[in-house]
Amino acid sequence: MKIHLHAGAALLALLPLAAQASLSYTISYVDPFNLVSAYRPQIDSHIGAAMGAWGSRLKNSASIEIEVRIASTLAYASGFSATSGYVGEYANGSLWQQGMAYEIATGVDPNGDDADVVIMLNPGYVAHQLWFDLDPVARTAPVGADRTDAMSVFIHEIGHALAFNGWGNGINGAPPAGYGSTWDQFVSYEGSNMYFNGPQAMSVYGAPVPITQGNNFHFGNSPASGRPGSDLANDLFNGWMFYNGQRYGISALDEAVLADTGTELAKQVPEPAGAALFMAALAGLFCARRRRRTAA
């Protein structure tokens, strides 16, 4: 059963940047047993704020249909574009952009009135683990020390629908023969580790960006793994943990991935942050209690 909460698109107010853009959206639910009915206002407000966080960085506007699916079989949360759009050819074959990003870039909705973005949530995760902010735009209240910040999760999942996704496997990043995503095209495997080689991302990071081994479409690796990228623990797309009690936001590196994968930004990607970026990321290693990975 699909329940529509918004009859029309709610226009998001975005930050004034070099070029004005706006993302409008609708939200529908697939929750036949009403397992998260008590949390829908909070989910709605956090999805809207997450759309605003991404939209404030974009040059172009779009109207996005979002479907929230409640799935008890899912451990935590997941997000993805429901389809993709063809953007050309590359070494492996046809090149495809995430459907949400394609619609923003071209103004063409690749799947018409169907959902553009799917966000899947475990109902127990919503009720017992997520911390919902009373003001998810301002993000000033202390996050519950034993909870995961819901805004961080929703920003993360929408980021997957925009750029951090594809068909590459988690071992060497290789997609199936004949096609790949705008993320897949920049993934290399150096014998034991994967790297993202998008030029904008490398400019920000200062080198090829380590991808989480076994968890493609994320950055960095845990210090215990002995693999590169432990300095990315504080990034929104780190692939091994979210700390309880901590907020995650869109970094210059995350913006660079959008630019590399074909989404035009409202402003240029900043120059590399050097030591400041490293120290800010390293600080995440000393934050509150570790917990298992919460977002796919």
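The figures follow:
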quantity	calculated
Filter pass, Arg69 being at negative phi and of a type in the set (Lys, Arg)	yes
Candidate set: the stretch 197-221, residues that are in a helix (DSSP H, G or I) and polar (S, T, N, Q); chosen: the one surrounded by the fewest Cβ atoms within 10 Å (Cβ to Cβ)	Ser203
Filter result for Asn244 (crowded, with 20+ Cβ neighbours inside 10 Å, touching a residue at least 40 places away in the same chain (Cβ under 8 Å), among the polar types (S, T, N, Q) and within 27 Å of Val137 (Cβ to Cβ))	yes
Scope the stretch 247-256; condition surrounded by fewer than 23 Cβ atoms within 10 Å (Cβ to Cβ) and free of Cβ contacts under 8 Å to residues at least 60 places away in the same chain; matching residues	Ser251, Ala252
Residues within the stretch 162-196 that are farther than 18 Å from Gly99 by Cα, assigned to a strand (DSSP E or B), touching a residue at least 60 places away in the same chain (Cβ under 8 Å) and over 19 Å from the mean Cα position of the chain (by Cα), tallied	1
Strands (runs of 3 or more DSSP E) enclosed by the stretch 1-106 - at least 2 residues per element that are exposed (fewer than 15 other Cβ atoms within 10 Å of the Cβ) and at pLDDT 95 or above	84-90, 93-98
Only one of Asp113, Asp135, Asp149 that is buried (at least 22 other Cβ atoms within 10 Å of the Cβ) and among the acidic types (Asp, Glu)	Asp149
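The values are calculated or read from the model by the stated rules, or taken from the named source; none is laboratory data. Remember, predicted model here, so these are calculated numbers, not experimental data. When we count neighbours, we look across all protein chains shown, and the Cβ atoms used for this are built from the backbone with ideal geometry, even at glycine.
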